[in-house]
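Everything on this sheet refers to the single structure shown next.
The values are calculated or read from the model by the stated rules, or taken from the named source; none is laboratory data. Note that the structure is a prediction, hence the values are computed from the model and not measured. For neighbour counting, all protein chains shown are included, and Cβ atoms are generated from backbone atoms with ideal geometry for every residue, glycine included.
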């Protein structure tokens, strides 16, 4: 009986049949809203989320913004949403946009998809839909909305010209990974429209070729917005070899585990599960090929371009949901009991969704933990700066510099100075050019001394790894940065600073000790202070904070 229930878990009611689960779907939406609301209350934005907003508000117009964001690695759609929203509601656009996009995605899923209620229940509490693309304010949630929109529109619009190229063109400009998935959806659509060799010329000239040109232009726009990279230090560290490429294609589970050089047994198990999930599309070869192509394409990207995180690998699950949605819509009139291979796919698909639900449970447990461990300590740092009179108007510096990319969201009027690249800015560029790659603790102290002497303001210093008396160590950070700490440097640093806080651990690396620079009577004032003066308005200096 249980097997029969699982076999039919993703089947649908016949066309035009009344939806018997309106109440159930409304309850699922309410559960999702409460779940996302609770997790959002406990979420502290970290630098990758705030960085996009800081980029989006650069420049006085869209052309200047594009010049700033070009090469950072992400296309324009998310930046445009954030810039437009910031003009209306300010920094609140970051959570509002993320929640609104996820809410629209869930509404589409619940009321337009053909999945059964048990399957939908697993989907709405999955980690990708309840956390990764809802609570986390990143551009990947737009990919989910556009793929769901494509699947929802597909039955009515697949044969109405090229209108479905619109969501695909937008999808190609949400992130580089989704550009590849957009082409695979396009390929599945074109194969769906194939009517045999006698009509191949009409198919090619009126449909396939014009659609490819439109999607190609959208992909070119994506490429021009992310290349060449301004973050040249963030290049892939591992060598690209034929063996690595072959492993990525033949053993994609190795890249999807998020474990560097995953053991063979784990890679084989993950590959078996992912490959098994694709069998939910059995019976529709072009959808099945698209799912396998997406799995291999993302695995290759993870292996040779940029290693995967949850936000990257979850794109394939959303892609698979969209394909399964399209496959079930095509079968609304029923095609009999599922074939044995498709039955295996349904079990694997639900197993993956159940695993995702367990990941959501882990997020809930983390939010309920006391003491709570946030993703970043930036919110507490902002509260500390606001509560101490001796830090009123303080300038903040940090080692490594990228730890302060989150602070402008919680303390937008606090100027932040980049030690390695110089200048006030809410954004760090991970480059090996025009940056000091190898710092010393004395360099950090000298920067604090000069900032105080030139501006008269207090200076707060964040140290991800606080110096310890007597140690001689070179501390690596980020991609290719180092900080040299010697016993003599530590002695000088501790003599001219006062430690005022040490925050607890964070889920990311954004935890630090906070020091206040204490000027000494013998400190010499620097000669040139022009670059270090805090500008009267951030826009006049060419930089902006949220």
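Could you run through segment 262-273 and say how many residues are in contact with a helix residue (DSSP H, G or I) (Cβ under 8 Å, 6 or more places away or on another chain) and either in contact (Cβ under 8 Å) with a residue 24 or more places away in the chain or surrounded by fewer than 17 Cβ atoms within 10 Å (Cβ to Cβ) (or both)?
5
If we keep just the residues of segment 505-546 that are in contact with a strand residue (DSSP E or B) (Cβ under 8 Å, 6 or more places away or on another chain), in a loop (DSSP other than H, G, I, E, B) and closer than 15 Å to residue 416 by Cα, which is modelled with the lowest pLDDT?
The qualifying residue modelled with the lowest pLDDT is 543.
Residues 268, 289, 258, 279: which one is in the same structural domain as residue 126 (by TED's automatic domain parsing), within 22 Å of residue 126 (Cα to Cα) and at pLDDT 95 or above?
One residue alone meets the criteria, 279.
Among the numbered criteria (1) closer than 23 Å to residue 518 by Cα; (2) touching a helix residue (DSSP H, G or I) at 6+ places or on another chain (Cβ under 9 Å); (3) in contact (Cβ under 8 Å) with a residue 24 or more places away in the chain; (4) in a loop (DSSP other than H, G, I, E, B), which one does residue 461 miss?
(4)
Being under 25 Å from residue 175 (Cβ atoms), modelled with pLDDT of 95 or more and surrounded by fewer than 20 Cβ atoms within 10 Å (Cβ to Cβ): is that true of residue 349 here? It would help to see each step written out before you state the result.
Working: under 25 Å from residue 175 (Cβ atoms): yes; modelled with pLDDT of 95 or more: yes; surrounded by fewer than 20 Cβ atoms within 10 Å (Cβ to Cβ): no.
Criteria not met by residue 349.
Kindly evaluate residue 240 against the criterion of being buried (at least 16 other Cβ atoms within 10 Å of the Cβ) and not in a helix (DSSP H, G or I).
Taking the combined requirement at face value, the residue does not satisfy it.
Quick one: which helices (runs of 4 or more DSSP H) lie wholly within segment 55-151 and hold at least 1 residues that are over 20 Å from the mean Cα position of the chain (by Cα) and within 16 Å of residue 32 (Cβ to Cβ)?
Here the list reads 93-112, 117-124.
Restricting attention to segment 92-113, which residues are farther than 14 Å from residue 141 by Cα and buried (at least 21 other Cβ atoms within 10 Å of the Cβ)?
93, 110, 113
Given the options 220, 251, 171, name the one that is surrounded by fewer than 20 Cβ atoms within 10 Å (Cβ to Cβ) and in contact with a helix residue (DSSP H, G or I) (Cβ under 7 Å, 6 or more places away or on another chain). Steps first, answer last, please.
Working: 220 fails: in contact with a helix residue (DSSP H, G or I) (Cβ under 7 Å, 6 or more places away or on another chain); 171 fails: surrounded by fewer than 20 Cβ atoms within 10 Å (Cβ to Cβ).
That would be 251, the only listed residue that is surrounded by fewer than 20 Cβ atoms within 10 Å (Cβ to Cβ) and in contact with a helix residue (DSSP H, G or I) (Cβ under 7 Å, 6 or more places away or on another chain).
Given (1) outside any loop (DSSP other than H, G, I, E, B); (2) at pLDDT 95 or above, where does residue 192 come up short, assuming only one miss?
(2)
Using the structure shown, decide if residue 283 is part of a helix (DSSP H, G or I) and either free of Cβ contacts under 8 Å to residues at least 24 places away in the same chain or closer than 30 Å to residue 192 by Cβ (or both). Please lay out each step first, then the result.
Details: part of a helix (DSSP H, G or I): no; either free of Cβ contacts under 8 Å to residues at least 24 places away in the same chain or closer than 30 Å to residue 192 by Cβ (or both): yes.
The answer is no for residue 283.
If I go through segment 411-425 residue by residue, how many of them are touching a strand residue (DSSP E or B) at 6+ places or on another chain (Cβ under 9 Å) and touching a residue at least 24 places away in the same chain (Cβ under 8 Å)?
10
Yes or no: segment 383-391 includes at least one residue that is buried (at least 20 other Cβ atoms within 10 Å of the Cβ), assigned by TED's automatic domain parsing to the domain that holds residue 234 and touching a residue at least 12 places away in the same chain (Cβ under 8 Å).
no
Among the residues of segment 446-457, count how many are surrounded by fewer than 20 Cβ atoms within 10 Å (Cβ to Cβ), under 20 Å from residue 489 (Cβ atoms), under 36 Å from the mean Cα position of the chain (by Cα) and in contact (Cβ under 8 Å) with a residue 12 or more places away in the chain.
Summing the residues that are surrounded by fewer than 20 Cβ atoms within 10 Å (Cβ to Cβ), under 20 Å from residue 489 (Cβ atoms), under 36 Å from the mean Cα position of the chain (by Cα) and in contact (Cβ under 8 Å) with a residue 12 or more places away in the chain in segment 446-457 gives 0.
Every residue, every condition in (1) outside any strand (DSSP E or B); (2) over 21 Å from residue 382 (Cα atoms), yes or no:
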| site | (1), (2) |
| --- | --- |
| 404 | yes, no |
| 408 | yes, no |
| 414 | yes, no |
| 433 | yes, yes |
| 445 | yes, yes |
| 448 | yes, no |
| 452 | yes, no |
| 475 | no, yes |
